[in-house]
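Take a look at the structure set out below.
The values are calculated or read from the model by the stated rules, or taken from the named source; none is laboratory data. Everything quoted here is computed from the prediction, not taken from an experiment. Don't worry about glycine lacking a Cβ; one is built from the backbone with ideal geometry, like all the others, and counts go over all protein chains shown. Heads up: the accessible areas ignore ligands, DNA and RNA and are worked out on the full protein's heavy atoms, side chains in. Shrake-Rupley method; radii C 1.70, N 1.55, O 1.52, S 1.80 Å.
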Amino acid sequence: DAIGGEAKGRIEIVTRACDGFASLSITDSGHGISPDAIGDLFRPFATSKRQGLGLGLAISRAIAQSHGGDIQVEPGGAGRGATFSVILPL
């Protein structure tokens with residue numbers, strides 16, 4: 001959704017291992033996330049879309065945290081969209 005669909009954007013996936021943790025980072029070339037929306041990203045039932053319940057990121061982060069990890073976000077900006085990183089202990 002963030003890149004406009006129909007192959008109009010770019011998605012980059014990077015994996016890393018460091019200090020006993022593995023991370024999977026996903027970056028899109030969309031418009032990024034507004035500063036106003038950052039605080040609600042992981043809040044249950046918060047969504048900016050017409051469809052959906054707004055539970056995906058909240059549940060995903062809870063699962064990562066239950067395994068000793070986390071999900072982090074960098075909001076990005078013009079030309080470089082948001083980056084979400086799933087970090088889990090090795």
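Could you look through segment 64-81, keep only residues that are part of a loop (DSSP other than H, G, I, E, B) and at pLDDT 95 or above, and pick out the one that is surrounded by the most Cβ atoms within 10 Å (Cβ to Cβ)?
Taking the candidates together, the pick is 69.
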**Fill in**
Those residues of segment 19-31 that are assigned to a strand (DSSP E or B), farther than 12 Å from residue 88 by Cα and open to solvent by 60 Å² or more (accessible area, probe 1.4 Å) come to a total of 1
**Request:** Among what's in segment 11-60 and is charged (D, E, K, R) and at pLDDT below 85, pick the residue that is farthest from the chain's Cα centre (by Cα).
**Result:** 50
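Quick one: is residue 34 in contact with a helix residue (DSSP H, G or I) (Cβ under 7 Å, 6 or more places away or on another chain), open to solvent by 50 Å² or more (accessible area, probe 1.4 Å) and small (Gly, Ala, Ser)? Quick ask: steps written out before the conclusion?
Numbers: in contact with a helix residue (DSSP H, G or I) (Cβ under 7 Å, 6 or more places away or on another chain): no; open to solvent by 50 Å² or more (accessible area, probe 1.4 Å): yes; small (Gly, Ala, Ser): yes.
When the stated conditions are applied, residue 34 does not pass them.
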**Asked** Quick one: what pairs do we get from segment 40-63, first residue more than 26 Å from residue 23 (Cα to Cα) and part of a loop (DSSP other than H, G, I, E, B), second open to solvent by 60 Å² or more (accessible area, probe 1.4 Å) and at pLDDT 85 or above, C-beta under 9 Å, 6+ apart or different chains?
**Response** 48/40; 53/44; 53/45
**Message:** Please verify whether residue 57 is in contact with a strand residue (DSSP E or B) (Cβ under 8 Å, 6 or more places away or on another chain) and either exposed (fewer than 11 other Cβ atoms within 10 Å of the Cβ) or of a type outside the set (Lys, Arg) (or both), treating the condition exactly as stated.
**Reply:** yes
